[in-house]
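Q: Please see the structure below; I have some questions.
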Amino acid sequence: MKPNVFFENDTVVLRAPRAFTPNVLFESGQCFRFYPKNEEKTRYGGVAHGHYFEVELRGEEILFPNMTEKAFSSTFRDYLDLDFDYDACILSFPKDEYLRSAVRSCGGMRILHQEPFETLCSFILSQNNNIPRIRSLIEALCAAYGEPIPHGEKTDYSFPSAEVLASASEAELRSLKVGFRAPYLLDAARKVADGTVDFDKISALPTEEGLHELCKIKGVGVKVASCVLLFAFRKYDSFPIDVWMKKILSEHYPPDTDGAYFGPYAGIAQQYLFHYERNLQNAPYAAERKTLP
């Protein structure tokens, strides 16, 4: 179901049940720059595409305060993937019970359409790391090389461009505590800046060929490349496999099950499964869908 959109003064309002659920979306491991603004985790704020914005779930409405119609229409409607029919996608999933449980418990999941270079660097930083640490490294990188984004009494920073990061030294990056990932970030920035890795080309390629292009970057393997293709290029068939997905596949599916089992939207199925498994015992994350399409 696609949400109905209304513009009221300086607030964008989405009216549609299950359009998305902020805590499911922003805690699902696909982005790292959004934080809860209240204990109930119904309001989040963060930076995307060079802008700070907040979003709040209030009943069956989703509010974006202090957002213009132009900003929403030109950037955030696409960023939030609001024109993709997730109900039709869910109908295409295999009818296994574990996946159905994941979908019921993670109502409002969407795949964000993120900026490619930021996504690439974020998942390079995710290697052998946990989410709080990934967040802190990204914030340090943005504060050092990004542009300021003032809002209220606070200032956040945009994610640096490939050209800016390419001019850094490995020692400078290591000073931000990124560790062994410093040469990987530098190689990514330089290859993107000089066109060796061409995001427009990758966007037009089939998923397997896109994987090959991204794996030209030092330190980027299939898992990181798969995340980038799913979360930045909207390659819905891209199926990242990390330790959580290995656990899920080994415990709930026959041997040798891979993304092909889940169909053309395997990446979206993966995101439901990933979030569900990580938060299975954590009730505040659940957003129970009473029915499935």
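The values are calculated or read from the model by the stated rules, or taken from the named source; none is laboratory data. Here the structure is a predicted model, which means the values were calculated and not measured. With ideal geometry, Cβ positions are generated from the backbone for all residues, glycine too; neighbour counts draw on all protein chains shown. Ligands, DNA and RNA are stripped out before the accessible areas are found, and what is left, the full protein with its side chains, is counted by its heavy atoms. Shrake-Rupley method; radii C 1.70, N 1.55, O 1.52, S 1.80 Å.
Q: Within the chain, what's the longest stretch lacking trypsin sites (Lys or Arg not before Pro) that sit in DSSP loops with no more than 10 other Cβ atoms inside 10 Å?
A: Excluding the exposed sites themselves, the longest stretch runs over 96-289.
Q: Taking amide H atoms as placed 1.01 Å from N in the peptide plane, list the residues 5 or more away in sequence, or in a different chain, whose amide H sits under 5 Å from that of Gly146.
A: none
Q: May I pose another question? Only sites in a loop by DSSP and with at most 14 other Cβ atoms within 10 Å count here; which GluC sites (Glu not before Pro) in segment 25-67 make the cut?
A: Glu39, Glu40, Glu60
Q: Leaving out ligands and nucleic acids, and using a 1.4 Å probe, what accessible area per residue does the chain come to in Å²?
A: Using a 1.4 Å probe on heavy atoms only, each residue of the chain averages 45 Å².
Q: Okay, helix-only estimate at 222 nm for the chain: each DSSP H run of n ≥ 4 adds -39500 (n - 2.57), divide by all residues, round to 500 deg cm²/dmol; what do you get?
A: -11000 deg cm²/dmol, from helical runs alone.
Q: Which residue fluctuates the most in the chain, going by a Gaussian network model with Cα springs under 10 Å, if the choices are Pro150, Pro22, Pro264?
A: Pro150
Q: Under the Kirkwood approximation for Rh and a Cα-based Rg, what ratio Rg/Rh is obtained for the chain?
A: Over the Cα atoms of the chain, Rg/Rh equals 0.95.
Q: Can I ask one more? Can you list which of the GluC sites (Glu not before Pro) found in segment 163-215 are DSSP loop residues with at most 14 other C-beta atoms within 10 Å?
A: Sparse-neighbourhood loop GluC sites (Glu not before Pro): none present.
Q: With +1 on each Lys and Arg Cβ and -1 on each Asp and Glu Cβ, and nothing else charged, work out how big the dipole of segment 1-72 is about its Cα centre, in Debye to the nearest 20.
A: The dipole magnitude comes to about 220 debye.
Q: Please compute the contact order of segment 1-143 in relative form: average sequence separation of alpha-carbon pairs under 8 Å and at least six residues apart, divided by the residue count, as a percent.
A: 27 percent
Q: Running a GNM on the chain with Cα contacts under 10 Å, which residue among Leu176, Leu91, Leu120 ends up with the highest mean-square fluctuation?
A: Leu91
Q: Right, another one. Of Lys218/Lys247; Lys37/Lys247; Lys37/Lys201; Lys70/Lys191; Lys70/Lys154; Lys70/Lys201, which ones are farther than 30 Å apart at the Cα?
A: Listed pairs above 30 Å: Lys37/Lys247; Lys37/Lys201; Lys70/Lys191.
Q: Same structure again: At R0 = 22 Å, how high is the FRET efficiency between Lys247 and Arg133 if r is their beta carbon distance? Nearest 0.05 is fine.
A: Taking R0 as 22 Å, the efficiency between Lys247 and Arg133 is 0.60.
Q: From the convex hull of the Cα coordinates of segment 174-252, what is the mean projected area in square nanometres?
A: That works out to 6.2 nm².
Q: Only four residue types carry charge here, +1 at the Cβ of Lys and Arg and -1 at the Cβ of Asp and Glu. Report the dipole size of the chain about the Cα centre in Debye, rounded to the nearest 20.
A: It comes to approximately 580 debye.
Q: Mind checking which aspartates and glutamates have their C-alpha under 12 Å from Lys223, skipping anything on the same chain fewer than 8 residues away?
A: Asp242
Q: May I ask you to give the percent of accessible area on segment 190-277 that is carbon plus sulfur, with a probe radius of 1.4 Å?
A: The C+S portion of the solvent-accessible surface of segment 190-277 is 54 percent.
Q: Report relative contact order for the chain in percent, whole number only (criteria: Cα-Cα under 8 Å, sequence separation at least 6).
A: Reported as a whole number, the value is 21 percent.
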